[in-house]
1. Multiplying the sequence separation of residue 214 and residue 262 by 0.36 nm and subtracting their Cα-Cα distance, what value in nm do you get?
2. Please give the direction-averaged projected area of the C-alpha convex hull for region 201-271, in square nanometres with one decimal.
3. Label residue 113 and residue 30 with points 7 Å out from Cα along Cα→Cβ: what is the distance between them in nm?
4. Run the paramagnetic zone check for residue 155: 7 angstrom along Cα to Cβ, then residues of region 184-204 with backbone nitrogen under 18 Å.
5. By count of other Cβ within 10 Å, fewest leading, how are 108, 259 ordered?
6. Arranged by the count of other C-beta atoms within 10 angstrom, fewest first, what order do 204, 256 take?
7. Once label points are set 7 Å from the Cα along Cα→Cβ at both residue 80 and residue 275, what is their separation, rounded to one decimal in nm?
8. Can you work out the FRET efficiency for the pair residue 38 and residue 253, with r the C-beta to C-beta distance and R0 = 22 Å, to the nearest 0.05?
Amino acid sequence: MKRIALLVMGSAIAWGQTTQTAPPPPSAQYLKARVYSAEEDSSVLKLYDGLRVCDVIDALDAVGLQGVTTMDRSIRPMWRDEQKFAHRIHGIALTLHLVPAQETSPKFASHAAERTWEAGGWEPPPELRVDGAPRGGYNGLIRPGTILVIDNQAVDNGVCGSNNSLAMMGRGVRGLVGNAICRDNDEMILTRVPVYQDPRLAPRGINQGRMWVESYNQPVVVGNVLVMPGDVINADSDGVAVVPRAKAEQVAEIARWIFEDDEVKRGKIYDSTGRTRDWTVQGHTQPPAPTEKPIHSAPVWQKK
């Protein structure tokens, strides 16, 4: 009996040893960013040409994302063009996460020495500098159709201003979205750089070693919404909508139908009330005759 008991105990000890879990890794990244080609991004962006945020939000509702990916109302356009709606933007998210630095800027004997330091002497290394120059890092990922989405946790310290924002625009950035990202508001408005941020948090300082780039093209949170690299961003006076890339084509199809259906109906109201059609109402100069075929049919998702 003793031998049997020892055998049983030995088996139990051996079993316990084999089922012990390995120590966890020192760090882990669970949400993995996917890389998309320029061709893939361009194809998706065409689907969203002309769509309004309200159309996209309605489509997000239809696919089961009611209020899940619409940014907080605090994220607003810095300026509005009430004639041509030039503040409206849609593009592909390139994400950037900024954090407060754990060290302060050094003391300088002269302003000239400080300017040298600002040009690249602070940590992290120059390739992660927060500006529009092509220094590598996230800057090398900017391409036509990019919207830079910035999760900035640094206090009163921006990532862009009237200078580097124009450089970014020249390299393909369509606009910037974040909680607190841009200063030089007067010049930004004058040069029509589309910026969506919380006006209460609009920064006045810019860098001087007060913030670090924690990561780029990784998940970020702006306006209480998760943004993954490659997601589609739509922004206008109604706010900012984020379309998860996996649902981008489905959402675009539904939103397009909603948008075009609204155009037709609004056009008829313009005509019936004697209002001259403006550029937001396309189609016939007069309402189509009853014998004509319907201009729009219901999308696949709505057909029984």
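1. On the way: separation 48, 0.36 × 48 = 17.28 nm, distance 4.32 nm.
Residue separation times 0.36 nm, minus the Cα-Cα distance, leaves 13.0 nm.
2. Convex hull of Cα atoms, orientation-averaged projection: 7.6 nm².
3. According to this spin-label approximation, the distance is 4.8 nm.
4. Residues 200-204 fall inside that zone.
5. Arranged by neighbour count, lowest to highest, 108, 259 become 108, 259.
6. Details: 204 11, 256 20.
In order of increasing Cβ crowding within 10 Å: 204, 256.
7. 1.6
8. 0.45
Readers should treat all values here as calculations from the given coordinates under stated rules, not as data from a laboratory. Keep in mind that this is a model prediction, so the values were computed, not measured. Backbone-built Cβ (ideal geometry, glycine too); neighbour counts: all protein chains shown.
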